[in-house]
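In what follows, a structure is listed as structure tokens, so that the remarks can point back to it.
Bear in mind these aren't lab numbers, they're just calculated from the coordinates by the rules spelled out. Every value quoted in this text rests on a predicted model; they were computed, and no experiment measured them. Ideal geometry is used to build each Cβ from the backbone, glycine not excepted, and the neighbour counts take in all protein chains shown.
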């Protein structure tokens, strides 16, 4: 079995290292807004229009060849117009923290606007003419699974809310300066039409609690219409990435008939016993995913080291990218960074609502996702039989301080602390 087939058998989607991080979120937006049919269409074989946005990407990340081919001669007016536009567009780049400065084929724009949404593209073999091919490279299938989970939602009310939420997030007739500029750039780029996308059709939603969590979380994010579209777009991307890491962990545990291992989050600022436990918990999940992938193979077949790295690399890279892990390399442990904190609050607490802090870390983070922050969650996961409860109490206080500093927690009294996005308004 090839690595994508193993991933499909294990998780229902193609989750591999090269397609980790924010790429599934970008891919999801391509599916949502690229269909010729309605958003989250119920058509069996929807048609998608995909643009490479190669004109703008080559202008920014391959300027010498762009100039040599004379691609902008007919479009730019005024002295240094191309240079001004290049600097403007470079600010819109999707940051790839663990990769060197990319060439244009490996560089993407973050989807701040509908016309900035684009597919993978590369130089065609006939490079002398400057031809471009629109094809998969980094958008490999994580977003396809997420999209199929959303568009097959059996709850008609929530599905209608999702459709309305995506329409409001990026209206088709938006008239912002950025959208007008991006639309012009897209009109000079290569595009293709695809009917019956094989990767999306091959994605396998499981109809389990994980799928329900993703749909409900996405509906909550889109319900926050009183905050900026940029904040919601970022939350969609981070929530999609985090959810896929949970899919890998939980379905790996299910494959092996085991209880899902806890994600022990260290909220402290330095080395400690809790940090060592957090690092050990990360290693446990990585081993679990590799073992479960091997269990998908025919009897007597070993999982090749490269395939193991590719599959477990999706988990570790996506965790680091979404800030569920502190770093891409070196000494690593579970944490919760600011961007992920925002995505969790938006995806788990409906607009204009609040939940008690204790309920957020217990019923939301631990019971739903197996994330351990405080003492009560540690007790539920059986950790207090070998670890001091006081370290989790200190960790809980540190997490509350993080929430408060980010504006997501408000103390009404010594005994009443509420978590919600309304607190930052």
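Taking Cα atoms only, the orientation of helix 338-348 departs from the longest principal axis of the chain by about 80 degrees.
Taking the chain as a Gaussian network of alpha-carbon nodes connected by springs under 10 Å, the highest mean-square fluctuation of the residues 280, 58, 386 belongs to 386. Extension gain for the segment residue 390 to residue 363, taken as residue separation times 0.36 nm less the Cα-Cα distance, is 7.7 nm to one decimal. At full extension, residue 309 and residue 212 could sit 32.0 nm farther apart than now, given 0.36 nm per residue minus the alpha carbon distance. The convex hull around the C-alpha trace of region 39-117, projected and averaged over every direction, spans 7.4 square nanometres.
Rounded, prolate or oblate: pick one for region 324-397, where a ≥ b ≥ c are the square roots of the eigenvalues of its C-alpha gyration tensor, a/c under 1.5 means rounded, and failing that, prolate if a/b is larger than b/c, else oblate. The shape class here is oblate.
Say we join alpha carbon atoms closer than 10 Å with springs in a Gaussian network model of the chain; which of 240, 152, 316 then has the biggest fluctuation? Ranking 240, 152, 316 by mean-square fluctuation puts 152 first. How far, in degrees from 0 to 90, does helix 156-169 lean away from the longest principal axis of the Cα atoms of the chain, to the nearest 10? Here the helix axis deviates by roughly 50 degrees.
What label, among [x] 25.1; [y] 20.5; [z] 22.5, belongs to mean projected area of the Cα convex hull in nm² computed from the structure on display? Comparing each candidate, only [z] matches the computed number.
Here the spin labels are modelled as points 7 Å beyond Cα on the Cα-Cβ line, and at residue 37 and residue 328 they lie 3.8 nm apart. How tilted is helix 177-187 with respect to the longest principal axis of the chain? Cα atoms for both, answer in degrees (0 to 90, nearest 10). So the inclination is approximately 60 degrees.
From largest to smallest, the equivalent ellipsoid semi-axes obtained for region 149-245 from the alpha-carbon gyration tensor read 26, 20, 13 Å.
Taking every DSSP beta bridge that has both ends in region 211-424, the antiparallel portion is near 75%. Considering only 154, 205, 177, the mean-square fluctuation computed in a Gaussian network model of the chain, springs between alpha carbons under 10 angstrom, is largest for 177.
Place a point 7 Å from the Cα of residue 187 along the Cα-to-Cβ direction; which residues of region 32-71 have their backbone N under 17 Å from it? Under cut-off, by backbone N: 51-56. Within the chain, DSSP assigns beta bridges of which about 90% are antiparallel (rounded to the nearest 5).
Modelled this way, with points 7 Å down the Cα-to-C-beta line, the labels at residue 83 and residue 226 are 4.7 nm from one another. Computed over region 3-206, relative contact order equals 36 percent, with contacts defined as Cα pairs under 8 Å that lie 6+ residues apart. The Rg/Rh ratio of region 3-206, with Rg taken over Cα atoms and Rh as the Kirkwood radius over Cα pairs, comes to 0.98.
Taking a point 7 Å from the Cα of residue 280 along the Cα-to-Cβ direction, the residues of region 354-390 with backbone N closer than 20 Å to it are 370-390.
Modelled label positions at residue 291 and residue 1, each set 7 Å beyond Cα in the direction of Cβ, lie 1.7 nm from each other.
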